[in-house]
Amino acid sequence: MRQVLAAALGATVLLAGAAMAHGPSRQKAEMSVILDATPAEVWEVVGRFDDMSWHPAIAATRMEPEGAPADVPEESTRVLTLAAEGDPTITEVLLGRDDEKMTLRYMITEVDVAVIPVTNYSSTMQVKDNDGRAEFVWRGGFYRGFPNNDPPAELNDDAAVAAVNGIYQAGIDALAERFGRVE
């Protein structure tokens, strides 16, 4: 009986320790807008991995290495230079592109968490047909910028979600300004 009690107490201590060691949970963001344009017109703009000039936060897009393809999953790498002080960059790799489904999937491989407070970020942009109008959907999954417990405020879950939502909103607003928004 004493051995069973000792084993139960040991298991309880181990499980309690594991529960206290819980790290960050995956966060998600999603935004969409219906634009006053055809899906093909919007896809022509957002479907190019080598050109993100439609987003107001992006000053320049370049493929690495120079001359690299812009449509080969796992091989196409783009570097986005942000229109911010110090010209920070974000490096992303194309995970998939489907012209028929008008879907572009990518992930960030390098970014300073001071620029965007996220890690392990992956995203999908999709253009859907909504009664002849383009519905642009942008969704992503990510972890906060600080992987351990007790993150500083600028690297916690709220900061990560707010940063990604800000990026998505700025892009959606730019597309709505370009094409018009359907109410």
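The values are calculated or read from the model by the stated rules, or taken from the named source; none is laboratory data. Bear in mind the structure is a predicted one, so any value in this text is a computation, not a measurement. Positions of Cβ are backbone-derived with ideal geometry, glycine not excepted, and every protein chain shown enters the neighbour counts. The protein model used for the area step is the full one, side chains on, heavy atoms only, and it has no ligands, DNA or RNA in it. Shrake-Rupley method; radii C 1.70, N 1.55, O 1.52, S 1.80 Å.
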| note | Sorting L94, T61, P24 by the position of each Cα along the dipole of region 20-112 (Lys, Arg +1; Asp, Glu -1; all at Cβ), the one nearest the positive end of that ordering is P24
| message | Could you tell me the relative contact order of the chain? Use alpha-carbon pairs under 8 Å, at least six residues apart, and round to a whole percent. | response | 27
| So what are the ³J(HN,Hα) numbers for region 121-132, from phi and the Karplus equation (6.51, -1.76, 1.60; θ = phi - 60°), rounded to whole Hz, Gly and Pro as x? | 8, 9, 8, 9, 10, 9, 10, 10, 8, 10, 6, x
| request: Please state the charge dipole magnitude for region 29-169, taken about the Cα centre, from unit charges on C-beta atoms (+1 on K and R, -1 on D and E), reported in debye and rounded to the nearest 20. | output: 180
| field | Placed amide H near L95: partners under 5 Å, 5+ positions off or other chain | value | E74, R105, Y106, M107
| note | Diffing region 148-164: the Karplus 3J(HN,Hα) column from phi (6.51, -1.76, 1.60, θ = phi - 60°), in whole Hz with x for Gly and Pro, holds 9, 5, 6, x, x, 4, 6, 10, 8, 4, 4, 5, 5, 5, 4, 5, 5
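Per residue of the chain, what 222 nm ellipticity follows from adding -39500 (n - 2.57) for every DSSP H run with n ≥ 4, rounded to the nearest 500?
Numbers: 3 runs with 50 residues, N = 183.
Rounded to the nearest 500, it is -9000 deg cm²/dmol.
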| task | Using θ = phi - 60° and the Karplus relation 6.51 cos²θ - 1.76 cosθ + 1.60, list the HN-Hα couplings for region 46-54 in order, rounded to whole Hz, with x at every Gly or Pro. | result | 8, x, 9, 5, 8, 8, 10, 5, 5
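Roughly speaking, to the nearest percent, how much of the chain's 1.4 Å accessible area is carbon and sulfur? Could you put the intermediate results ahead of the total?
Details: 5350 of 10340 Å².
In the chain, the share of accessible area belonging to carbon and sulfur is 52 percent.
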| field | Computed E for N148/R105 - FRET, C-beta separation, R0 35 angstrom, nearest 0.05 | value | 0.80
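For region 126-179, just say rounded, prolate or oblate: build the C-alpha gyration tensor, square-root its eigenvalues into a ≥ b ≥ c, call rounded for a/c under 1.5, and beyond that prolate if a/b exceeds b/c, oblate if not.
Details: a/c = 5.82, a/b = 2.63, b/c = 2.21.
Prolate, because a/c is 1.5 or more and a/b exceeds b/c.
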| (1) 1.26; (2) 1.31; (3) 1.19, with the label sought being that of the calculated Cα Rg over 2.2 N^0.38 Å | (2)
| request: Would you mind getting the accessible area per residue of region 61-183, heavy atoms of the protein chains only, 1.4 Å probe, in Å²? | output: 52
| Order by protection proxy (mean Cβ within 10 Å, highest first), peptides 23-32, 138-147 | 138-147, 23-32
